[in-house]
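*Asks:* Questions regarding the structure given below will be posed in turn.
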Amino acid sequence: MAAEVYAGAVDKGLEGVVACTTKISFIVDATLTYRGYTIEDLAEHSNFEEVVYLLWENRLPNAEEFKAFKNEISEYLSLPADAIAALKALPVKDVHPMAWLRTAASTLALWDNEAQSTDPKAQKRVALRLTARMGMLVALFERVRQGKDFVPPKKDQSLAWNFLYMLNGTDPDEETVKVLDTCLILHADHELNCSAFAARVTSSSLSDIYSSVVSAISALKGPLHGGANEQVMLMLKDIGTVDNAKEWIKDALAQKKKVMGFGHRVYKNGDPRAKILRVMSEKLTKKSGEPKWYEMSKTIDDTVQNEKGLLPNVDFYSATVYYSMGIPIDLYTPIFAVSRVTGWLAHIFEQYSNNRIYRPRGQWEGPEGLKWKPLNQR
Ligand code: COA
């Protein structure tokens, strides 16, 4: 009886369900736009901070606004000493950095006296703090894991520059900063993806920004979403040589395994971010003296296309881009979070501004009409 109420109405994985209206980013065929600008245009001409302004304010800043915005972010490029001490006390040994980041982002809320505020100006400051500090958290994790001192960021530098600086403790070169900055632009938002939706679901209960961001980090962590980039590099390492790649992939597909970094719920004609990252991967793997990682990736790309008709997504070529930059493999997904937090924040604000709590139904498949019995009768 109950099973019939919603019979035929199940959209597993919510495929094709339009859950809200949005003006932040949009996918049509193989085109991704942020606030109406194509990702190719932004990746080539813009910078991460400007893209964040665009995502939050619905337009590009003029020169004065851009300077003021960068200054606002810089203001929060610091962490309270007590918060650093608490974060340093968290375990890092055998801890995945995404698990650590989830806890760390939640911990930061305890030092933010505006965390619960519903005043839009205070909420904007919370967003600026999270944007400035997400990279600091990831770098802090890595420094603690290596038994090294935390390197405080420099307020006159960009978020991309500072991330590399905090990670390595030395000034990064301009080209590497540009590569990371482009990666941050490419990962900043992606419509109603799993983590943005998680953020929106949490904020739809009118829960606070930190809670919504922690929900999003938790969703991003999974290998079907942001966790795929790390899995791609582990797969390449496992394959080992270009010559092994084709057979390895054919074998994996024959065993019905998923090849990480391929396929997409929305893109059926290719992910435009993957095209940009492929070019970067080819260039950077050559520059780092290890072109085999790109060659292997290209063989895998061709094989998966031929065998399954699937195209690479953002996570496939970003893996070899980060590897060429010498970034530890398990930091790839945290870097995704360093960028995507800005998109989550845009979604949280959009949700608050036009809210209705998310509350879908499930189609009942369990038994009905059962009667409770005392323990001695079961
Ligand atoms: N490798 C092999 N087969 C894949 C695949 C992959 N990466 N992605 C999808 N498929 C296959 C599925 O097995 C399924 O085949 P079937 O119909 O024979 O059972 C079909 O393609 C549809 O896949 P499905 O998992 O239902 O698509 P989805 O829309 O639910 O999931 C992803 C989309 C992205 C989660 C999925 O493509 C995937 O798991 N990719 C690998 C993880 C990844 O790269 N995630 C990052 C996304 S940006």
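*Asks:* Cα gyration tensor of the stretch 186-317, axes a ≥ b ≥ c as square roots of the eigenvalues: rounded (a/c below 1.5), prolate (a/b > b/c) or oblate?
*Replies:* prolate
*Asks:* Pairs of alpha-carbon atoms within less than 8 angstrom and 6+ residues apart define the contacts here; what relative contact order does the chain have, in percent?
*Replies:* 23
*Asks:* Here is a further query. Of the listed peptides 352-362, 292-302, what is their order by residue-averaged count of other C-beta atoms within 10 Å, with the highest listed first?
*Replies:* 292-302, 352-362
*Asks:* What order do you get for 37-44, 198-205 when each peptide is scored by the mean count of other beta carbon atoms within 10 Å, highest first?
*Replies:* Sorting 37-44, 198-205 by mean packing, highest first, produces 198-205, 37-44.
*Asks:* I'd like to check one number: the per residue accessible area of the stretch 272-378, probe 1.4 Å, reported in Å² as a whole number.
*Replies:* 51
*Asks:* Springs between alpha-carbon pairs under 10 angstrom, Gaussian network model over the chain: which of Gly226, Gly343, Gly240 fluctuates most?
*Replies:* Among Gly226, Gly343, Gly240, the largest GNM mean-square fluctuation belongs to Gly240.
*Asks:* How many percent of the accessible area of the chain is carbon or sulfur, using a 1.4 Å probe?
*Replies:* 52
*Asks:* Classify the stretch 8-144 as rounded, prolate or oblate, taking a ≥ b ≥ c as the square roots of the eigenvalues of its Cα gyration tensor: rounded when a/c is under 1.5, otherwise prolate if a/b is larger than b/c and oblate if not.
*Replies:* In terms of gyration-tensor shape, oblate.
*Asks:* Something else: Measuring with a 1.4 Å probe in the full set of protein chains, what accessible area per residue, in whole Å², belongs to the stretch 1-139?
*Replies:* 53
*Asks:* Please give me the summed charge of the neighbours of Trp111: other residues whose Cβ is under 11 Å from its Cβ, Lys and Arg +1, Asp and Glu -1.
*Replies:* For residues surrounding Trp111, the net value is -1.
*Asks:* Can I ask one more? For the chain, what does -39500 (n - 2.57) per DSSP helix run (n ≥ 4), summed and divided by total residues, give at 222 nm, in deg cm²/dmol to the nearest 500?
*Replies:* For the chain, the value works out to -18500 deg cm²/dmol.
*Asks:* Same structure again: Mind jotting down the distance between the C-alpha centroids of the stretch 262-341 and the stretch 351-371, whole Å?
*Replies:* 37
*Asks:* Another question about this same structure. What is the chain by shape, rounded, prolate or oblate, if you read a ≥ b ≥ c off the alpha carbon gyration tensor as root eigenvalues and call it rounded for a/c under 1.5, prolate for a/b larger than b/c, and oblate otherwise?
*Replies:* rounded
*Asks:* Can you put Leu60, Leu55 in order of accessible area, largest first, using a 1.4 Å probe?
*Replies:* Leu60, Leu55
*Asks:* What is the pair-distance distribution P(r) of the stretch 75-211, computed from all Cα-Cα distances in 5 Å bins starting at 0, with each bin given as a whole percent?
*Replies:* Over the stretch 75-211, the share of Cα pairs per 5 Å bin runs 2, 9, 17, 21, 21, 17, 10, 3, 0 percent.
*Asks:* Sorted by accessible area (1.4 Å probe), largest first, how do His187, His225 line up?
*Replies:* My answer, sorted largest first, is His225, His187.
*Asks:* Okay, moving on. Placing +1 on the Cβ of each Lys and Arg and -1 on the Cβ of each Asp and Glu in the chain, which of Ile348, Asn244, Ser207 has its Cα farthest towards the positive end of the resulting dipole?
*Replies:* So the residue furthest toward the plus end is Ser207.
*Asks:* In terms of solvent-accessible area of protein heavy atoms at a 1.4 angstrom probe, what is the ranking of Cys183, Cys194, Cys20, highest value first?
*Replies:* The ranking, largest first, comes out as Cys194, Cys20, Cys183.
The values are calculated or read from the model by the stated rules, or taken from the named source; none is laboratory data. Worth saying up front: this structure is predicted, and the values here are computed from it rather than measured. Counting neighbours? That spans all protein chains shown, and the Cβs are built from the backbone with ideal geometry, glycine included. These accessible areas exclude ligands, DNA and RNA; they are computed on the full protein's heavy atoms, side chains included. Shrake-Rupley method; radii C 1.70, N 1.55, O 1.52, S 1.80 Å.
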